[in-house]
Amino acid sequence: MLKYAIKRILLMIPTLLAVAVLVFLVLRVVPGDIVELKLTAEGGEVSLEQIEAEKTRLGLNDPLHIQFIKYMSGLPKGDLGISLWTEEPVSEEISARIGLSFELALLSTFLAVIIAFPLGTLSALFRGTFVDYIIRIITIGGIAVPSFWLGMLLIMLVLSFGKLPPLGTVSLFVDPLTNFNQMIWPAISVGYRYTSVVSRMLRSSILEVLSEDYIRTARAKGLYEKVVIVKHGMRNALLPTITVIGLEFAFLLGGLVVTESVFNLNGIGKLFVDSVVRNDLNLLQGLVLTVATSFVVINLIIDLFYAALDPRIRYQS
Amino acid sequence: MNEIPLKIQKRRTILDFIIQQPLGFIGLIMIIIMFAAAIFAPHVAPFNPEDVDFEASPALGGGQPSWEHLLGADAFGRDILSRLIYGARTALSIGFLSAMLGCTIGAIIGTTSAFYGGKVDLIIQRFIDLMLSFPIVVLAIVVIAIFPKTVVVGIDINVIIAIAIPFTPKVARVIRAQALTIVTLPYIDAAKASGYSASRIIFRHILPNVSAPFLIMLTAFIGQAILLEASLSYLGLGVVEPTPSWGLMLSGVNSDYYRTAAWMIIYPGLAVSIAVFSFNLLGDSLRDWLDPKLKL
């Protein structure tokens with residue numbers, strides 16, 4: 001297991017390097033008029049010389065390979081350059097907001113998993129019955145309903161029942177109850193799709209596993225139905241479901257981008273949208289890197305988990 | 001001489017689809033209705049979607065759903081039903097074009113990768129893995145950020161490209177898996193032996209044989225594309241006013257209207273959900289019908 005884990009972690013390094021190079025290539029080859037935008041935003045006429053001077057100051061006039069070396073050598077130190085708009089270091093802009101998004105992602109993953117497991121299992125065990133139909137309608141809805149609209153509906157619901165939690169996020173460690181009150185609605189609105197996808201996957205893999213020969217054998221040798229389902233069925237159905245949890249995590253990160261705007265939460269999703277609107281390429285670059293890295297890391301964890309559950313994976317590679 | 005028993009496989013018709021996949025047929029009907037509404041929008045919509053009537057604005061306490069405005073009016077007093085009908089034009093055209101573009105490029109990459117195999121395949125696959133580590137929305141927004149806004153005959157080309165690009169790696173991966181089983185078949189060897197060029201074999205011999213997964217994915221991705229267009233427009237990064245778009249209708253909602261004008265929020269989101277739902281329903285049924293083992 002340890003050998004497998006080390007190998008898997010080492011394999012992650014070239015992936016992350018490639019991600020970094022790709023992000024640089026995509027975002028730097030394209031000319032951005034951030035400087036002009038920024039100067040004209042402050043009002044008044046701007047001369048070409050002023051724009052050029054500002055560009056030189058921000059390092060945008062350096063040849064591409066110099067910019068590339070600066071960028072790559074900064075990465076191991078966590079130096080992502082400075083935001084072209086606020087002139088704060090990008091890493092600080094991101095770390096100030098990532099906690100909130102992380103909490104939201106964790107909460108909705110938690111919600112999705114604890115809701116999806118009973119739903120998917122019930123749906124599979126009561127296949128073709130009323131229960132199954134109800135659950136399937138709920139989960140098909142999750143794939144069609146836009147998360148930001150669900151968020152808006154939830155805000156409407158909360159408003160009609162009482163008051164919205166106060167604006168501005170309260171830290172989990174200061175006032176857990178208010179924090180929960182603030183986070184639960186956005187977590188539900190991003191988590192609905194997640195729940196649906198996981199529960200559908202679980203349903204179909206349970207059905208697939210239950211038709212296997214070894215389930216028939218287990219039943220034939222007189223095991224209790226509970227043991228057959230839980231020990232022989234669920235354990236095997238879990239593997240593809242865990243993969244889906246990892247893959248859908250990317251979708252969740254994307255969902256945060258939109259949902260944070262709906263709930264006016266100051267996380268990295270909102271920062272992402274702001275960086276595009278302001279044409280802040282450095283910040284955008286840092287954010288894309290952060291998101292891709294967290295996706296790669298999450299999938300590494302999933303892979304290791306997978307290997308721990310299923311010895312076949314460890315021996316195969 | 002023994003007579004060889006002939007087993008003629010009946011060609012499956014649309015009628016079989018209706019009987020075997022009633023849910024998919026319902027999806028198809030809903031899609032046809034939406035397309036009809038979009039095409040004949042000027043005849044179907046009760047109002048011009050850009051007609052402003054401040055007396056019907058919720059800001060002045062008006063705009064409730066009534067016989068005049070069936071689904072109410074928005075902040076500028078524009079008829080919501082008419083805007084939804086015209087919005088279907090934006091949603092369906094962007095949805096269809098971007099899914100078509102993404103699936104076509106993905107299918108070409110996937111078959112090429114499978115056909116050449118070896119190093120080419122390896123490099124393409126690593127690149128696809130790389131692309132898949134960016135969430136769809138994030139990738140789409142990055143493309144929006146780097147492409148200048150281009151509108152040709154009222155269609156936002158940059159939005160279409162932004163939606164198409166994140167779909168390509170997913171399609172390429174599925175199509176490659178299908179194409180891998182085809183490249184080992186004798187008729188591909190025959191084509192190679194006849195001296196046909198690689199592009200001829202890819203386009204004439206392999207691509208037509210992956211049309212089933214292509215069609216299934218196209219249907220599913222039109223739904224996803226509609227969802228993505230709505231999200232981008234909601235964030236102010238997709239289509240812009242005055243183009244009627246379902247996502248854009250939600251983005252203009254002032255926080256006061258959450259309490260006073262719920263219809264402004266409910267109906268556009270419902271339109272997106274129904275459209276995506278219909279395409280998902282059709283896509284799922286097409287998969288069950290054409291290729292039940294396909295994993296997307």
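The values are calculated or read from the model by the stated rules, or taken from the named source; none is laboratory data. Here the structure is a predicted model, which means the values were calculated and not measured. A quick note on method: Cβ atoms are made from the backbone with ideal geometry, for glycine too, and the neighbour counts reach across all protein chains shown.
Regarding segment B:49-72, can at least one residue be identified that is among the hydroxyl-bearing types (S, T, Y), in a loop (DSSP other than H, G, I, E, B), within 26 Å of the chain's Cα centre (by Cα) and at pLDDT below 80? Scanning segment B:49-72, I find no residue that is among the hydroxyl-bearing types (S, T, Y), in a loop (DSSP other than H, G, I, E, B), within 26 Å of the chain's Cα centre (by Cα) and at pLDDT below 80, so the answer is no.
Per-residue answers, yes or no, for (1) surrounded by 20 or more Cβ atoms within 10 Å (Cβ to Cβ); (2) closer than 30 Å to B:F147 by Cβ; (3) of a type in the set (V, I, T):
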| residue | (1), (2), (3) |
| --- | --- |
| B:T219 | yes, yes, yes |
| B:G223 | yes, yes, no |
| B:V240 | no, yes, yes |
| B:S245 | yes, yes, no |
| B:L248 | yes, yes, no |
| B:L282 | yes, no, no |
| B:D288 | no, no, no |
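Among the residues of segment A:152-161, is any more than 10 Å from every other protein chain (Cβ to nearest Cβ) and over 27 Å from B:A230 (Cα atoms)? Within segment A:152-161 (the criterion being more than 10 Å from every other protein chain (Cβ to nearest Cβ) and over 27 Å from B:A230 (Cα atoms)), the answer is yes, since at least one residue qualifies. Among the conditions (1) in contact (Cβ under 8 Å) with a residue 40 or more places away in the chain; (2) of a type outside the set (F, W, Y); (3) surrounded by fewer than 18 Cβ atoms within 10 Å (Cβ to Cβ), A:L100 misses just one, which is (3).
Before we move on, is A:T139 surrounded by 20 or more Cβ atoms within 10 Å (Cβ to Cβ) and farther than 17 Å from A:P186 by Cα? It would help to see each step written out before you state the result.
Working: surrounded by 20 or more Cβ atoms within 10 Å (Cβ to Cβ): yes; farther than 17 Å from A:P186 by Cα: yes.
Taking the combined requirement at face value, the residue satisfies it.
Residues of segment B:116-129 that are surrounded by fewer than 18 Cβ atoms within 10 Å (Cβ to Cβ) and either touching a helix residue (DSSP H, G or I) at 6+ places or on another chain (Cβ under 7 Å) or not small (G, A, S) (or both): B:Y116, B:K119, B:V120, B:D121, B:L122, B:I123, B:Q125, B:R126, B:F127, B:D129.
Whether any residue in segment A:288-295 is free of Cβ contacts under 8 Å to residues at least 24 places away in the same chain and within 11 Å of another protein chain (Cβ to nearest Cβ) is what I want to check.
Our first condition is that a residue be free of Cβ contacts under 8 Å to residues at least 24 places away in the same chain; within segment A:288-295, this holds for none.
No, because not a single residue in segment A:288-295 is free of Cβ contacts under 8 Å to residues at least 24 places away in the same chain and within 11 Å of another protein chain (Cβ to nearest Cβ).
Working only within segment B:243-271, note down all residues that are among the aliphatic types (A, V, I, L, M) and either part of a helix (DSSP H, G or I) or more than 8 Å from every other protein chain (Cβ to nearest Cβ) (or both).
Going residue by residue through segment B:243-271, those that are among the aliphatic types (A, V, I, L, M) are B:248-250, B:253, B:261-262, B:264-266, B:270-271.
Correct list: B:L248, B:M249, B:L250, B:A261, B:M264, B:I265, B:I266, B:L270, B:A271.
Inspection of segment A:244-264 finds a residue satisfying the criterion of being outside any helix (DSSP H, G or I) and either basic (K, R) or over 25 Å from A:L17 (Cα atoms) (or both). Of all residues in segment B:272-292, those being without any contact (Cβ under 8 Å) to a residue 40 or more places away in the chain and more than 8 Å from chain A (Cβ to nearest Cβ) number 1. The number of residues in segment B:7-48 being at pLDDT below 80, part of a loop (DSSP other than H, G, I, E, B) and surrounded by fewer than 17 Cβ atoms within 10 Å (Cβ to Cβ) comes to 9.
Considering segment A:1-105, the qualifying helices (runs of 4 or more DSSP H), each wholly inside and each with 2 or more residues that are at pLDDT below 75 and more than 14 Å from chain B (Cβ to nearest Cβ), run over A:34-41, A:48-57. The combined condition, being in a helix (DSSP H, G or I), hydroxyl-bearing (S, T, Y) and crowded, with 23+ Cβ neighbours inside 10 Å, is not fulfilled by B:S93.
With the structure loaded, tell me whether A:L238 is outside any helix (DSSP H, G or I) and more than 9 Å from every other protein chain (Cβ to nearest Cβ) or whether it fails that test.
Taking the combined requirement at face value, the residue does not satisfy it.
May I ask you to list the residues in segment A:133-149 that are in a helix (DSSP H, G or I) and either without any contact (Cβ under 8 Å) to a residue 12 or more places away in the chain or within 10 Å of chain B (Cβ to nearest Cβ) (or both)? Please lay out each step first, then the result.
So the first thing to find is which residues in segment A:133-149 are in a helix (DSSP H, G or I), and the list is A:133-144, A:147-149.
Once the filter is applied, which keeps residues that are in a helix (DSSP H, G or I) and either without any contact (Cβ under 8 Å) to a residue 12 or more places away in the chain or within 10 Å of chain B (Cβ to nearest Cβ) (or both), segment A:133-149 yields A:Y133, A:I134, A:I137, A:I140, A:G141, A:I143, A:A144, A:S147, A:F148, A:W149.
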